[in-house]
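Q: The structure follows.
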Amino acid sequence: MKRIISPVILLLSSLFSMAAIAHNVVGGVYATGFEIEGEAGFSNGSMANAGTIVKIFDQSGLPLGEVETDDEGFFTFTAKKRITHVFEIDMGAGHQLTMQLPAEELPESLSAGPSSEQYTNNRLVSVNNDTPANVEQISVLMLEKAIAKQIKPLRKEIQSLKEKSGLRDILGGIGYIFGLLGLVAFLRERKLKAKQ
């Protein structure tokens with residue numbers, strides 16, 4: 001009997017410690033025209049603290065800028081080039097999140113990249129050039145922005161569904177362990193009765 005109690009106590013203590021480490025760092029980044037919107041938080045639903053620094057790099061590690069999260073864990077960054085952007089967030093206590101936005105998700109009109117004098121304080125400044133090509137680019141950007149606005153809630157929902165399936169897998173694993181312990185207890189009891 002003592003041999004069965006020890007594994008059960010060990011299992012129960014590990015279950016209680018799982019509750020303490022059962023949250024993951026989660027987030028996402030989405031392109032909305034030139035703007036890259038992102039969010040960061042934990043799988044338990046709490047978001048990153050306001051003012052959390054988000055560092056942005058290119059794939060080679062060159063810094064592109066920094067932004068801060070708002071009260072709801074959201075941040076925005078204006079892309080200057082059509083390159084893959086890497087976002088790194090340190091949310092304290094060893095919680096680090098690294099996300100990538102592939103260059104393909106940014107508008108093609110950004111591929112050449114506006115000249116540096118068109119940018120001021122990480123925002124795009126309007127240039128008075130009403131040529132048909134420029135008007136078409138503006139229409140395309142407005143359409144991309146509208147589509148991205150509609151897709152954003154769907155991406156959030158998909159991410160939350162991915163997290164829920166992870167919890168289901170954990171609970172299934174715990175049930176499997178309990179089943180094995182029950183089988184061991186049953187076989188031992190049967191063996192003891194056979195000896196008597």
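Q: Quick check: pseudo-label points 7 Å beyond the Cα along Cα→Cβ at residue 143 and residue 169, how many nm apart are they?
A: Going by the 7 Å Cα→Cβ label model, 3.9 nm.
Q: What does the extension gain come out to for residue 187 and residue 95, with contour length at 0.36 nm per residue minus their alpha carbon separation?
A: On the way: separation 92, 0.36 × 92 = 33.12 nm, distance 4.38 nm.
So the chain would gain 28.7 nm between residue 187 and residue 95.
Read-outs: derived from the displayed coordinates by stated rules, not from any lab. Here the structure is a predicted model, which is why all the values come from computation and not from measurement. Backbone-built Cβ (ideal geometry, glycine too); neighbour counts: all protein chains shown.
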